[in-house]
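The next block holds one structure in the form of C-alpha cells; read it before the comments.
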Amino acid sequence: MADRSVLVTGATGGLGAAVTAAFVEAGWRVVAPQRRPPSPTSRPDPNAPVRLVADLTDAQDAARAAEVAAGDPAAPLRAVVNLVGGYASTGLVHETPVEEFERMLTINLRPTHLVTRAALPHLVAAGGGAVVCVAARAAVAPFPGVAGYVTAKAAVLGFASAVAVDYRAAGVRCNTVLPSVIDTPTNRDAMPDADHARWVDPAEIASVIRFLASDDSAPTSGAAVPVYGRA
C-alpha cells in the first residue's frame, strides 16, 4: 500500500505518462486530473493512478483535485508535479496578438499557480513536501519567434522560486526542471528532420522529477535543473 500521494498534472501527455509511471513504480499513490473522462477498464489496477476530470485553469477544479490528492489519510499528499503547459510559435513580438501572448500565460502559468496554491495547505498540514514545476530551457536561453512561450516559462521559473522562499520554514520545497526538446511523438511529427538522438527522453526527465519529489533531495529547494539531453 502506498504511504504517500503525489498530484501530477498533465499526466496524459508525452512527459506525463513517463512521470506517472515513475511514481507508480516507486510505490506512490498518484492522482492525475485530466480534461476528458478516462477510458473505462475491465480490470481495475489498485496501483493505477486515481483519475478525475478537471479543468486546471479553473480555481474550483484545481482545489478539488488537491482535495482528492490529499484525501487518503494513509497516503498524505507529499508532492505536486506541475506538467500542464503548451507551446506556440507566434512570430516576432510586434507580430504577436496580445490574445496569443496571454494564451501562453494561461496555458503555462495559470494551472501551475492554481494547483500549487490549492495544494500548499495540504503539504504544510502533512509536515512538508515538494513541488516540482516544469519550465523550459527557453526561459533562460530564449530563441526568436516565441515571446509568449518564453515569457510564460520564465514566469513559471519565477513563481517556483517564490514558492521556495515563502514555504521554506514550513518544510515545503519547490524546484523547477528545464527541458530542452523532449523526445515525444508530437515533437517528432512536428520536426521529422531533426536529430532526435540529441533530444531528452521523457523517462530521463521523469527520474529527475521523482528525485526532486523524494526525501533524497531534501536539502534542495529553489533550484532550476537543466534536463537538456544532448540538445
Q) Of (1) among the β-branched types (Val, Ile, Thr); (2) open to solvent by 30 Å² or more (accessible area, probe 1.4 Å); (3) closer than 25 Å to Gly128 by Cβ; (4) not in a loop (DSSP other than H, G, I, E, B), Val84 satisfies all except one. Which? A) (4)
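Which one is most open to solvent (accessible area, probe 1.4 Å), of the residues in the range 4-17 that are touching a strand residue (DSSP E or B) at 6+ places or on another chain (Cβ under 8 Å), outside any strand (DSSP E or B) and of a type in the set (Gly, Ala, Ser)?
It comes out as Gly14.
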Q) Can you spot a residue in the range 136-147 that is within 20 Å of Ile209 (Cα to Cα), open to solvent by less than 60 Å² (accessible area, probe 1.4 Å) and assigned to a loop (DSSP other than H, G, I, E, B)? A) yes
(Q) Whether any residue in the range 160-176 is in contact (Cβ under 8 Å) with a residue 60 or more places away in the chain and open to solvent by less than 40 Å² (accessible area, probe 1.4 Å) is what I want to check. (A) yes
Q. Looking at the range 28-37, is at least one residue outside any loop (DSSP other than H, G, I, E, B), modelled with pLDDT of 95 or more and surrounded by fewer than 13 Cβ atoms within 10 Å (Cβ to Cβ)?
A. no
Q | Hey, Gly27 at positive phi and in contact with a Gly (Cβ under 7 Å, 6 or more places away or on another chain) or not | A | no
Q | In the range 177-223, the residues that are open to solvent by 50 Å² or more (accessible area, probe 1.4 Å), closer than 30 Å to Asp166 by Cα, outside any loop (DSSP other than H, G, I, E, B) and touching a residue at least 40 places away in the same chain (Cβ under 8 Å) | A | Ser207, Arg210
**Q.** Hits in the range 159-198 - residues which are more than 23 Å from Ala223 (Cβ to Cβ) and of a type outside the set (D, E, K, R)
**A.** Thr184, Pro185, Thr186, Asn187, Ala190, Met191, Pro192, Ala194, His196, Ala197
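Rundown of residues vs (1) acidic (Asp, Glu); (2) free of Cβ contacts under 8 Å to residues at least 60 places away in the same chain; (3) open to solvent by 40 Å² or more (accessible area, probe 1.4 Å); (4) part of a helix (DSSP H, G or I), yes/no style:
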| residue | (1), (2), (3), (4) |
| --- | --- |
| Ala2 | no, no, no, no |
| Val19 | no, no, no, yes |
| Asn47 | no, yes, yes, no |
| Ala75 | no, no, no, no |
| Met104 | no, yes, no, yes |
(Q) Anything in the range 87-102 that is in a loop (DSSP other than H, G, I, E, B) and of a type in the set (A, V, I, L, M)? List them, or say none. (A) Ala88, Leu92
Q. Mind checking which residues of the range 124-135 are within 13 Å of Asn82 (Cβ to Cβ), open to solvent by less than 10 Å² (accessible area, probe 1.4 Å) and out of contact with any Cys (no Cβ under 6 Å at 6 or more places or on another chain)?
A. Ala130, Val132, Cys133, Ala135
Q: Would you be able to tell me the number of residues in the range 10-27 that are within 18 Å of Asp72 (Cβ to Cβ) and modelled with pLDDT of 95 or more?
A: 5
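The values are calculated or read from the model by the stated rules, or taken from the named source; none is laboratory data. Fair warning: this is a prediction, and the values are worked out from it, not measured in the lab. All Cβ positions, even for glycine, are placed from backbone atoms using ideal geometry, and neighbour counts span all protein chains on display. What goes into the accessible areas is simple: the full protein's heavy atoms, side chains included, and nothing from ligands, DNA or RNA. Shrake-Rupley method; radii C 1.70, N 1.55, O 1.52, S 1.80 Å.
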